[in-house]
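Before any comments, here is the structure.
Values quoted throughout were computed directly from the atomic coordinates according to the rules given, and no laboratory measurement underlies them. As the structure is a prediction and not an experimental result, all values here were calculated from the model. Methodologically, a virtual Cβ is constructed for each residue, glycine included, from the backbone with ideal geometry; neighbour enumeration extends over all protein chains shown.
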Amino acid sequence: MMEILRGIFGWNYILSVSLSSWLIAQLLKTIINAVMLGKIDIERMWGSGGMPSAHSATACSMVVATGKYSGVHSSVFAVAFVVAVIVMYDAMNVRRETGEQSKILNQMIRQWMDEGSKHAPILADHKLKELVGHTPVEVLSGAAVGICMGLMIPIL
């Protein structure tokens, strides 16, 4: 078993921990979504948005793994920390607002098409993606997943 783990995490510890956290967060997101909706939506495995934030999980596990591997006083830890803060801010604010705008635009397009407008048939089948960002709870839960993964996976 240790040889398998060494093979997985030994080639690049920080990257391996980060990718593992992303995978776990995406699996959790798919499971949570299936429980809440009563059906499996496989798009959740690679889609953005939802609970927990895979972006936050990936970034936070990278910070923890970098701290363990290079030390918290290293320059690479500082860079990882700043990147994680930017990723979480972006997920919670910029990308979330994009999703809110998409909801309004989709509603406007539906209303316009319902009123009998055939001026833009290309819009009839077009729908903007609405689930692109995260709520603060989704970001914090992703951060918790990432921190736990970073702490649990040993340096081999």
Simple SL model, points at 7 angstrom along Cα→Cβ for residue 37 and residue 104; separation in nm is 2.5 nm
Apply the Karplus curve 6.51 cos²θ - 1.76 cosθ + 1.60, θ = phi - 60°, to the phi angles in region 142-156 and return the couplings in whole Hz, x for Gly and Pro.
x, 4, 5, 4, x, 5, 4, 4, x, 6, 6, 7, x, 6, 9
